[in-house]
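Enquirer: Would you mind keeping the following structure in view while I ask a few things?
The values are calculated or read from the model by the stated rules, or taken from the named source; none is laboratory data. Just so you know, these numbers come straight off a predicted model, no measurement behind them. Here the Cβ positions follow ideal geometry from the backbone for every residue, glycine too, while neighbour counts run over all protein chains shown.
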Amino acid sequence: MIRKSASDPQRIAKLLARAGIASRREIERMIIERRIAVNGVPIETPATLLASLQNVTVDGKPVAAPEPTRLFLYHKPAGLLTAERDPKGRPTIYDRLPKDLPRVIPVGRLDLGTEGLLLLTTDGEFKRQLELPATGVERTYRARAYGNVTQEQLEDLIEGVEIEGVRYGSIDANLERRTGANTWIEMKLKEGKNREVRRVLEHLGLKVSRLIRTAYGPFVLGDLAPGEVGEILQNQLVAFRKTLKKPK
């Protein structure tokens with residue numbers, strides 16, 4: 001297989017995502033809004049091919065050459081949206097992140113009421129790679145739910161489940177402990193569809209009262225306090241990237 005060199009033309013959306021400007025989808029929207037230009041002329045299509053970001057501007061500002069990818073762990077508190085802004089004025093993670101962080105993009109999302117580990121990266125292309133189910137990165141959650149469920153019911157989730165026409169893939173679920181009328185359940189999955197954990201548990205007749213993501217791949221929440229941010233060392237990041245499956 002012939003690998004592309006760094007100087008080979010690539011789609012501008014991919015180059016800008018790699019530079020940490022935004023995700024590919026967001027960049028495509030910015031192009032439609034005529035916010036991205038080359039030599040002062042607005043780009044008309046995300047399929048535009050460029051060898052570099054030289055003379056590219058976003059909102060009139062030159063785009064800096066991409067720096068090495070950085071990855072951060074953030075303990076997202078409940079009550080924050082995983083979004084840059086909210087039309088309803090609700091607080092977002094960007095309202096609470098430390099001001100000295102570089103521009104970062106969340107890897108996936110955590111719902112408003114979900115807390116725990118949220119990965120943040122400076123590299124939009126890396127974000128996309130981590131989010132793809134085919135990449136095979138496992139997410140781990142702990143859920144506190146009201147109601148009764150058996151270990152046997154949870155073990156059936158290993159085969160996947162279909163709920164209201166939506167197919168959810170294999171989930172490794174285990175009872176941790178019961179506290180009164182509540183049950184703590186650990187769930188490991190690789191898809192991370194919208195509200196997947198909540199919908200699957202509700203399908204089993206449970207009402208989720210607390211949901212915490214404790215790990216994303218090899219990265220764990222550990223003793224990171226709510227609102228705190230930690231950075232993954234470059235050697236750890238490089239080693240992790242070597243383990244990722246290549247999407248087909």
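Enquirer: For region 17-28: of the residues being part of a helix (DSSP H, G or I) and either within 18 Å of the chain's Cα centre (by Cα) or over 22 Å from residue 108 (Cα atoms) (or both), which is modelled with the lowest pLDDT?
Expert: Among those residues, the one meeting the criterion is 18.
Enquirer: Considering 167, 109, which residue is in contact (Cβ under 8 Å) with a residue 12 or more places away in the chain and either closer than 22 Å to residue 76 by Cα or not in a helix (DSSP H, G or I) (or both)?
Expert: Checking each option against the conditions leaves just 109.
Enquirer: Out of everything in region 208-248 that is outside any loop (DSSP other than H, G, I, E, B) and touching a helix residue (DSSP H, G or I) at 6+ places or on another chain (Cβ under 7 Å), what residue ends up being nearest to residue 107 (Cα to Cα)?
Expert: Taking the candidates together, the pick is 211.
Enquirer: Can I ask one more? Restricting attention to region 195-216, does a residue exist that is buried (at least 17 other Cβ atoms within 10 Å of the Cβ), modelled with pLDDT under 95 and at positive phi?
Expert: Within region 195-216 (the criterion being buried (at least 17 other Cβ atoms within 10 Å of the Cβ), modelled with pLDDT under 95 and at positive phi), the answer is no, since none of the residues qualifies.
Enquirer: Restricting the first residue to region 12-40 and requiring it to be under 20 Å from residue 55 (Cβ atoms) and basic (Lys, Arg), which pairs with a second residue that is outside any loop (DSSP other than H, G, I, E, B) and at pLDDT below 90 meet a Cβ separation below 6 Å and a spacing of at least six or different chains?
Expert: Note: pairs meeting the criteria are 18/125.
Residue by residue, here is whether (1) more than 20 Å from the chain's Cα centre (by Cα); (2) of a type in the set (A, V, I, L, M); (3) under 21 Å from residue 20 (Cβ atoms) holds:
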{"site": "114", "(1), (2), (3)": "no, no, no"}
{"site": "117", "(1), (2), (3)": "no, yes, yes"}
{"site": "139", "(1), (2), (3)": "no, no, no"}
{"site": "152", "(1), (2), (3)": "yes, no, no"}
{"site": "157", "(1), (2), (3)": "yes, yes, no"}
{"site": "161", "(1), (2), (3)": "yes, yes, no"}
{"site": "193", "(1), (2), (3)": "no, no, no"}
{"site": "201", "(1), (2), (3)": "yes, yes, no"}
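Enquirer: Yes or no: region 131-142 includes at least one residue that is aromatic (Phe, Trp, Tyr), touching a Lys or Arg at 6+ places or on another chain (Cβ under 6 Å) and in contact (Cβ under 8 Å) with a residue 12 or more places away in the chain.
Expert: Within region 131-142, one or more residues are aromatic (Phe, Trp, Tyr), touching a Lys or Arg at 6+ places or on another chain (Cβ under 6 Å) and in contact (Cβ under 8 Å) with a residue 12 or more places away in the chain.
Enquirer: Residues that are without any contact (Cβ under 8 Å) to a residue 12 or more places away in the chain and either in contact with a Phe, Trp or Tyr (Cβ under 7 Å, 6 or more places away or on another chain) or of a type in the set (Ser, Thr, Tyr) (or both): does region 76-97 have at least one?
Expert: yes
Enquirer: Something else: Which number in (1) part of a helix (DSSP H, G or I); (2) under 30 Å from residue 72 (Cα atoms) marks the one condition that residue 155 misses?
Expert: Of (1) part of a helix (DSSP H, G or I); (2) under 30 Å from residue 72 (Cα atoms), only one is false for residue 155: (2).
Enquirer: So, in region 96-106, of the ones that are assigned to a loop (DSSP other than H, G, I, E, B) and aliphatic (A, V, I, L, M), which residue ends up surrounded by the fewest Cβ atoms within 10 Å (Cβ to Cβ)?
Expert: In this case the residue turns out to be 101.
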